[in-house]
1. Across the stretch 94-112, which residue is surrounded by the fewest Cβ atoms within 10 Å (Cβ to Cβ) among those that are assigned to a helix (DSSP H, G or I) and over 15 Å from the mean Cα position of the chain (by Cα)?
2. Pull out all pairs, ordered by first then second residue, where Cβ-Cβ is under 7 Å, the residues are six or more apart or on different chains, the first lies in the stretch 112-133 and is more than 15 Å from Glu11 (Cβ to Cβ) and modelled with pLDDT of 70 or more, and the second is acidic (Asp, Glu) and surrounded by fewer than 17 Cβ atoms within 10 Å (Cβ to Cβ).
3. In the stretch 40-75, which residues are out of contact with any strand residue (DSSP E or B) (no Cβ under 8 Å at 6 or more places or on another chain) and β-branched (Val, Ile, Thr)?
4. Among the residues of the stretch 23-51, how many are buried (at least 20 other Cβ atoms within 10 Å of the Cβ) and aliphatic (A, V, I, L, M)?
5. Got at least one residue in the stretch 76-93 being closer than 19 Å to Val119 by Cα, touching a strand residue (DSSP E or B) at 6+ places or on another chain (Cβ under 6 Å) and not basic (Lys, Arg)?
6. Any chance the stretch 26-34 includes a residue that's assigned to a helix (DSSP H, G or I), under 12 Å from the mean Cα position of the chain (by Cα) and closer than 18 Å to His72 by Cα?
7. Quick check on Val43: is it within 16 Å of the chain's Cα centre (by Cα), hydrophobic (A, V, I, L, M, F, W, C) and assigned to a helix (DSSP H, G or I)?
Amino acid sequence: MTEVETNSVEETWELARQFARHLKPGDVICLEGDLGAGKTTFVQGLAKALGVPGRVTSPTFCIVQEHGKLVHMDLYRLTSEADVLDLGWEDFLARGAIVAVEWPERAGSLIPSGAHHVVFRHFAATDGNEEKRKIAIDFSP
């Protein structure tokens, strides 16, 4: 994994755009980090790079948002693999969607061994920049 520090939303989007070049249909991206760490911001950059029109927001309450070839899941409110399967997990993978998963530990063994992992750490910078993040990312699983 490579660790990158970003200092703005735009830098996080740019990292996501670079990462998107390595993706192929059916890839699963595990987005790991605390609340507010930058997971949805990263998905916004992915969406733009993949040509998704419109606004991408957090699926915290609706759990799944489909954006054409990109599916964004927030599994925070789920408790089991069965819950994840009920969302249509297998259908999304079968149709070749790129699946970005927040709180992937909720999916347990459903996460494929070849999944990409992106780990976010939000930290309070001494300069007061609240957008500062450290992002550990694997460009090839």
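1. Ser109
2. The qualifying pairs are His116/Asp138; His117/Asp138.
3. Thr41, the sole residue that qualifies.
4. 7
5. Looking for residues that are closer than 19 Å to Val119 by Cα, touching a strand residue (DSSP E or B) at 6+ places or on another chain (Cβ under 6 Å) and not basic (Lys, Arg), one finds none in the stretch 76-93, hence no.
6. Checking the stretch 26-34: not a single residue is assigned to a helix (DSSP H, G or I), under 12 Å from the mean Cα position of the chain (by Cα) and closer than 18 Å to His72 by Cα.
7. Yes: the conditions hold for Val43.
Here's the yes/no breakdown for (1) outside any helix (DSSP H, G or I); (2) in contact with a helix residue (DSSP H, G or I) (Cβ under 9 Å, 6 or more places away or on another chain); (3) of a type outside the set (S, T, N, Q); (4) over 26 Å from Thr2 (Cβ atoms):
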| position | (1), (2), (3), (4) |
| --- | --- |
| Val56 | yes, yes, yes, no |
| Met73 | yes, yes, yes, no |
| Thr79 | yes, yes, no, yes |
| Asp83 | no, yes, yes, yes |
| Glu90 | no, yes, yes, yes |
| Gly114 | yes, no, yes, no |
| Val118 | yes, yes, yes, no |
| Phe139 | yes, yes, yes, no |
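The values are calculated or read from the model by the stated rules, or taken from the named source; none is laboratory data. Nothing here was measured: the structure is a model prediction, and the numbers come from that model. Glycine gets a Cβ as well: all are built from the backbone with ideal geometry, and neighbour counts include every protein chain shown.
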